[in-house]
Protein chains: 4
Amino acid sequence: MKLVHDPIHGYIELDDFAVRLADTPEFQRLRRITQLGFAFLAYPSARHTRFEHSLGTFYLAKRIRMHNPDIDEGVIYAALLHDLGHYPFSHTLEGLFPRHEENTVWTIKHGIIGDILRERYSVSEFLGLIKHPVVSGDIDADRMDYLVRDAYYTGAAYGVVDLERLVRNLVLEGKRLVIGEKGLIAAQNLLLARAMMYPTVYFHHTAKIAERMLQEAVRIEGVTLEEIRLMDEVDLVSRLRSSEKPEVAELMRAIDDRMLYKRAYCSRTELGSGALKELKNALRDEFGHLALLDYPPKPKYEERNAFVRTCDGLKRLSEVSPLVRSLVEMKDVHWRWCVYARKDVMDAVSEYVSDFQNP
Amino acid sequence: MKLVHDPIHGYIELDDFAVRLADTPEFQRLRRITQLGFAFLAYPSARHTRFEHSLGTFYLAKRIRMHNPDIDEGVIYAALLHDLGHYPFSHTLEGLFPRHEENTVWTIKHGIIGDILRERYSVSEFLGLIKHPVVSGDIDADRMDYLVRDAYYTGAAYGVVDLERLVRNLVLEGKRLVIGEKGLIAAQNLLLARAMMYPTVYFHHTAKIAERMLQEAVRIEGVTLEEIRLMDEVDLVSRLRSSEKPEVAELMRAIDDRMLYKRAYCSRTELGSGALKELKNALRDEFGHLALLDYPPKPKYEERNAFVRTCDGLKRLSEVSPLVRSLVEMKDVHWRWCVYARKDVMDAVSEYVSDFQNP
Amino acid sequence: MKLVHDPIHGYIELDDFAVRLADTPEFQRLRRITQLGFAFLAYPSARHTRFEHSLGTFYLAKRIRMHNPDIDEGVIYAALLHDLGHYPFSHTLEGLFPRHEENTVWTIKHGIIGDILRERYSVSEFLGLIKHPVVSGDIDADRMDYLVRDAYYTGAAYGVVDLERLVRNLVLEGKRLVIGEKGLIAAQNLLLARAMMYPTVYFHHTAKIAERMLQEAVRIEGVTLEEIRLMDEVDLVSRLRSSEKPEVAELMRAIDDRMLYKRAYCSRTELGSGALKELKNALRDEFGHLALLDYPPKPKYEERNAFVRTCDGLKRLSEVSPLVRSLVEMKDVHWRWCVYARKDVMDAVSEYVSDFQNP
Amino acid sequence: MKLVHDPIHGYIELDDFAVRLADTPEFQRLRRITQLGFAFLAYPSARHTRFEHSLGTFYLAKRIRMHNPDIDEGVIYAALLHDLGHYPFSHTLEGLFPRHEENTVWTIKHGIIGDILRERYSVSEFLGLIKHPVVSGDIDADRMDYLVRDAYYTGAAYGVVDLERLVRNLVLEGKRLVIGEKGLIAAQNLLLARAMMYPTVYFHHTAKIAERMLQEAVRIEGVTLEEIRLMDEVDLVSRLRSSEKPEVAELMRAIDDRMLYKRAYCSRTELGSGALKELKNALRDEFGHLALLDYPPKPKYEERNAFVRTCDGLKRLSEVSPLVRSLVEMKDVHWRWCVYARKDVMDAVSEYVSDFQNP
């Protein structure tokens, strides 16, 4: 047994099996994967990593299981390992490579960590546990930890949630983790807090620009899936810094020195998939790596689907809570696409996209 | 100059004039007026008083004025004194007597504190300052302080608000205190936090029952406005304890010992004013002080009217924010009226009201 | 089972027996006994009561017992009830009446609460449990709770202690609660924090003056032990306010309005018991209730006697820690006696005591 | 003007000159220098960097200057830049290279940042400002920030200090920053907190072992001063990982995977400088990079020399405070030297050093 001190949850107890899982290179690598990508460029203190978050998710899964002893014990280890596959800078590169969940599967299948897991679980059994509602549900240990942790590290006021109340009011009913009526307000609060973290932290434009710049650098450098799977941030950054392709080194240096591109154009008008492709290609032809289109997917609020046990029976959260419905309505409020450009071509890019939009 | 240490705002600086105002019997009396009435029966730690809250409101008004130097200096003293007229247990007795704002006016007119004020302001001038949007607006120093303070003292997770961001983004435009666009999320957060404090803290049924019991005791005792104006909680409680009317002493003892009435009947169906009066009288005739009707007014969310300065001009908060609109929609969700009854007549009362409702 | 929300410990679970004990008039009375006497005159936010502190002590005793299952279960109820006998304004009146511990014994013997206790424990057995080291030791649940709680409510920075680490490292060895080596730093921190709370909060001169004034009022009023035993702060304050003796009413009003006496004389030179008596009497003859001698006992730091389990065997904390030794050395640093006087006789009193000291 | 959000100080305002200084590659590099070296191996959440700390020091220097307007404005920029010269993993490599203060001088002389500074200050003038007591004194902005920040990021309970009280009670007297009497307890608290952070965080053996391993890797790799000056942690780690010397790559991989050496031998007995050299060489000859001697210097507590303005005149802190004296006495309590070894040679190393010590 081992105790880890954590500013969010106090002392986290790791049993021997958890210690062995944590003491693998695959898990230690998470220490070098920043939780919030480039958010630290806007919130300098947001330097926490997937490592602490994974320990925190493990802790909360154990707490939920204490109140629901029927939950398979393996779920707590699934909580510990659910983020194993994150690439450098977390979600930043998921557009270029398969989603991190797939890389988690790969890592478990091919890493030392898989050998330890196989002492207790078959791989397919364990991969099933990662999809358990305690780990990957609508209101789950993962979200509960990252929200509170991200708020602590950024200093944002929005992420304070009564986790204890929520934990005490999550009940496993069959395959569902259902919110008890007494946990309803805490659950709404979790979703609201998350909704407020999006515009202020998760979608902060400074972080988005740096992320888009890194994507471009990685794309030009031609880093392969086989390479990126095993990389931590040291590997990736040093590779890009020392690239033989001048654009790559230039992009990486600009990120390092925080000499970021600026927004040359932003719009809330959606583009059809044809127009999108056309604009992307046109920009690349015209400006190369100096103008970068950022067309994010519309956010989803799947948590509205979480189930609540009310006196009128089982209901969806969005049925019960006008606040949650308004979150769904709001989800697009902060959505927009932008074109970022290097300072010296800002005006040219701005004009170019305007013309493209209003020919 | 005097420094007061406060767990919410750190050090609060009181200038000499503020010290003189605070050193009056009228202001010191606020130390013996509990901020949240009987909420401490549900949240034992909620023992803070109007005194600390008044200092906190003064502090925030000063901070807002630092960013808006055009605001009349008197506003900060109005913030200090805005709650001077609260009766024992704050809002509890406002149904029996004029609203506390009127008592504030009376206190300023008749108290020692008025003499000090008149050195700088005419009474009518000062009463005008209390209505200034910094003190009594939609988003004001009063609400900003009490929300965060109530959360701290109850330990509720919902009251964490980025006051600093809000303070920096409130701009006086003519007679309005307008929220700057960068303060929009903090302002929404304030309203959301407030909305969550209502069902969990402010309308907690235990507190409501005790409040209704106290109202009844005060009513039966026949405490007059002239008396209550000058009372603090010691005066009122000792008066009721030693009442010659046995029902009064019994009610007060039940509150003291937390042997509270229970909910015999609750309903979300509104009553017309005729039916309401009829039920009230019928209950009193049948059960006397043993059955108490609690028919609260529907809550208002006037903050939705707060103005926001957006790139499209001045807008109402509810126009800009679907969240705030849903708060308005939600405001009735927790509304209901109840009849509370002493344990031994619970069933009889319950049956009686059912019959009344469905004759 | 009942859950109580507490800003210090989160959720406190009360089992059915604890609920029944807490639902007695004797225990509910603690809601009206301020934890820190008149400290709120210096720290307005320090309005917490013995009630919350008792719940917190109960919680910590349970936590210590979780790590030491051999501890008698009754200890947790002893922790809950250990402060039952406190008089109004906590320690303020202990000079006039027997120490509160004796009143706790009396209350258990004569109150309703005793009847409930007797279902499980004989009275003498239970009184023994109150002396158990978990409740009344050198490092115990009582001190751990009040220190952290007092810091939270005053906003003092000094009371942050790693309670979790301490709880995990307290081991019952025979009749002793011994600090494990890994808890040594947390234990030192507890003592240091306490040492810093003394001059800043516990011995704050404003509170001391008000306390001395209340003592005098109670003494002149002639309140008896039989009366004070059952009083809460409402009873006592209203009795003194409405006293027929004008000095009593005057003293109480001065406290209420915070028109406190001032320090007319202070000295760090000890007085022999003869001189002390002589001065006391002389002041009373000369100035009556207008000059009040405050000659506090020297503080003790019994915690230095706590035992620590080191690799070299069982040691006293003061042996192991130079810091703790220096606390013992320091304990007198802030000690002094004073004479407080009403403003109009300040100079006369000051001169009188000077002459007495240097005849 | 620019606002940076910080969980410790709230909003930090950077004026235009500060923004220009911060927007240099030299300052941005601090984002990639971990504040506490390898402490994150023991406290996973301790991922903060010299960047945030530098902003926090700037903030506190400004606050101190607000209360002491005579302080040269340049001092706040000196506070911002005082840590510019830190090598990767902060203090870890100072044994191999000149102290970081010297590298700060070099960086200012040779970097872009120097060009900006020279618009306002001569280099020698500015280097003088870095030695100003607000930046590099006994109780200074640097220590005040790092202590509270390190506590926040590790979750340690010890680092809570009343910074506001301290800031308000630091007075520039000639060339000294003197603690006012009202700041004495806060100042003692700062020192105590620091003293408790040493054994629990700063000297945590896990971090020390990793640091010693990195030193050895850097030594063997033969990294030069010219190289290290400009490196951030990405540069250094990737260089060591890809070293052609197998011992270097092996050491780096062991750190990455947290497969650390263990303590083979520890002692509190000092070694003469001859014996020390002899043991070092003997170990190297016998075990190469597999056994590493860690012989730390004895800690100093120079803060005891801080001056306090008491009613008896100017005194040294250690004169006034027995607690501070005991800290000086205690400073060696946790001192010891160790030999760390790879698992497979543990026993051999242990025996070897024992024999060396007791031949």
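The values are calculated or read from the model by the stated rules, or taken from the named source; none is laboratory data. Source: prediction; values computed, not measured. Backbone-built Cβ (ideal geometry, glycine too); neighbour counts: all protein chains shown.
Do we have any residue at all in region D:253-262 that's surrounded by fewer than 17 Cβ atoms within 10 Å (Cβ to Cβ), charged (D, E, K, R) and without any contact (Cβ under 8 Å) to a residue 12 or more places away in the chain? Yes - at least one qualifying residue is present in region D:253-262. Exactly one residue out of A:304, A:336 is within 14 Å of chain B (Cβ to nearest Cβ), out of contact with any helix residue (DSSP H, G or I) (no Cβ under 7 Å at 6 or more places or on another chain) and not aliphatic (A, V, I, L, M), and it is A:336. Taking first residues from region C:191-203 that are facing chain D (nearest Cβ under 8 Å) and partners that are of a type outside the set (A, V, I, L, M) and part of a helix (DSSP H, G or I), the Cβ contacts under 6 Å between residues at least 6 apart in sequence or on separate chains come to C:196/C:158. Restricting region A:244-264 to residues that are in contact with a Leu (Cβ under 9 Å, 6 or more places away or on another chain) and either part of a loop (DSSP other than H, G, I, E, B) or hydroxyl-bearing (Ser, Thr, Tyr) (or both), which is nearest to the other protein chains (Cβ to nearest Cβ)? Applying the filter and picking the extreme gives A:258.
Scanning region A:13-28 for residues being in contact with a Lys or Arg (Cβ under 7 Å, 6 or more places away or on another chain), under 16 Å from residue A:76 (Cβ atoms) and outside any helix (DSSP H, G or I) gives a total of 1. Taking the numbered list (1) in contact with a His (Cβ under 7 Å, 6 or more places away or on another chain); (2) under 30 Å from residue D:238 (Cα atoms) in turn, residue A:206 passes all entries but (1).
Residue C:263 meets all of the listed conditions (1) at pLDDT below 95; (2) in contact with a helix residue (DSSP H, G or I) (Cβ under 7 Å, 6 or more places away or on another chain) but one, namely (1). Given the options C:352, C:301, name the one that is at pLDDT below 90 and of a type in the set (Phe, Trp, Tyr). Residue meeting the stated conditions: C:301. Before we move on, is residue D:237 in a helix (DSSP H, G or I) and either modelled with pLDDT of 95 or more or away from every other protein chain (no Cβ under 14 Å) (or both)? Yes: the conditions hold for residue D:237.
So, restricting to helices (runs of 4 or more DSSP H) that lie completely within region D:267-359, which ones have at least 1 residues that are surrounded by 18 or more Cβ atoms within 10 Å (Cβ to Cβ), under 25 Å from the mean Cα position of the chain (by Cα) and among the aliphatic types (A, V, I, L, M)?
Values: elements: D:273-287, D:317-320, D:322-330, D:346-357.
Filter on region D:267-359 gives D:317-320, D:322-330.
Going by what's in this entry, would residue A:235 be described as acidic (Asp, Glu) and either without any contact (Cβ under 8 Å) to a residue 40 or more places away in the chain or surrounded by fewer than 19 Cβ atoms within 10 Å (Cβ to Cβ) (or both)?
Judged against the criteria, residue A:235 is not a match.
Restricting A:314, A:327, A:290 to residues that are within 13 Å of chain B (Cβ to nearest Cβ) and among the hydrophobic types (A, V, I, L, M, F, W, C) narrows the list to A:327.
Across region A:122-163, the qualifying residues are those that are of a type in the set (Val, Ile, Thr) and within 18 Å of the chain's Cα centre (by Cα), and the one among them that is nearest to the other protein chains (Cβ to nearest Cβ) is A:154.
Conditions tested, residue by residue: (1) more than 15 Å from residue D:130 (Cα to Cα); (2) within 11 Å of another protein chain (Cβ to nearest Cβ); (3) surrounded by fewer than 24 Cβ atoms within 10 Å (Cβ to Cβ); (4) among the polar types (S, T, N, Q).
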site: D:14; (1), (2), (3), (4): yes, no, yes, no
site: D:23; (1), (2), (3), (4): yes, yes, yes, no
site: D:53; (1), (2), (3), (4): yes, yes, no, no
site: D:58; (1), (2), (3), (4): no, no, no, no
site: D:68; (1), (2), (3), (4): yes, no, yes, yes
site: D:71; (1), (2), (3), (4): no, no, yes, no
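In the condition set (1) assigned to a helix (DSSP H, G or I); (2) away from chain B (no Cβ under 14 Å); (3) surrounded by fewer than 18 Cβ atoms within 10 Å (Cβ to Cβ), residue C:206 is compliant with all but (2).
Out of the residues in region C:1-12 that are over 22 Å from residue C:74 (Cβ atoms) and outside any strand (DSSP E or B), state the one that is farthest from the other protein chains (Cβ to nearest Cβ). Only one residue tops the list, namely C:8. One residue is enough: does region D:20-33 have a residue meeting the conditions under 13 Å from the mean Cα position of the chain (by Cα) and not assigned by TED's automatic domain parsing to the domain that holds residue D:228? Scanning region D:20-33 turns up at least one residue that is under 13 Å from the mean Cα position of the chain (by Cα) and not assigned by TED's automatic domain parsing to the domain that holds residue D:228. Kindly provide the set of residues from region A:158-176 that are buried (at least 23 other Cβ atoms within 10 Å of the Cβ) and either in a strand (DSSP E or B) or touching a Cys at 6+ places or on another chain (Cβ under 9 Å) (or both), ordered by number. Matches in region A:158-176: A:170 only. Here residue C:160 fulfils each of the conditions (1) under 24 Å from residue C:215 (Cβ atoms); (2) without any contact (Cβ under 8 Å) to a residue 40 or more places away in the chain apart from (1).
Take the residues of region A:320-353 that are of a type in the set (Ser, Thr, Tyr) and out of contact with any Phe, Trp or Tyr (no Cβ under 7 Å at 6 or more places or on another chain): which is nearest to residue A:295 (Cα to Cα)?
A:352
When we screen D:87, D:121 for residues that are without any contact (Cβ under 8 Å) to a residue 60 or more places away in the chain and assigned to a loop (DSSP other than H, G, I, E, B), the only hit is D:121.
Of all residues in region B:29-41, which are more than 16 Å from residue B:110 (Cα to Cα), facing chain C (nearest Cβ under 10 Å) and in a helix (DSSP H, G or I)? If the condition is that a residue be more than 16 Å from residue B:110 (Cα to Cα), facing chain C (nearest Cβ under 10 Å) and in a helix (DSSP H, G or I), then B:30, B:31, B:32, B:40, B:41 are the ones that fit.
Which one is surrounded by the fewest Cβ atoms within 10 Å (Cβ to Cβ) among residues in region D:73-105 that are under 17 Å from residue D:29 (Cβ atoms) and aliphatic (A, V, I, L, M)? It comes out as D:105.
Take the residues in region A:217-226 that are surrounded by fewer than 23 Cβ atoms within 10 Å (Cβ to Cβ) and touching a helix residue (DSSP H, G or I) at 6+ places or on another chain (Cβ under 8 Å), then tell me which one is nearest to residue B:181 (Cα to Cα). Only one residue fits best here, namely A:220. Among the residues of this structure, residue C:183 does not count as one that is in a helix (DSSP H, G or I) and loosely packed, with under 14 Cβ neighbours inside 10 Å.
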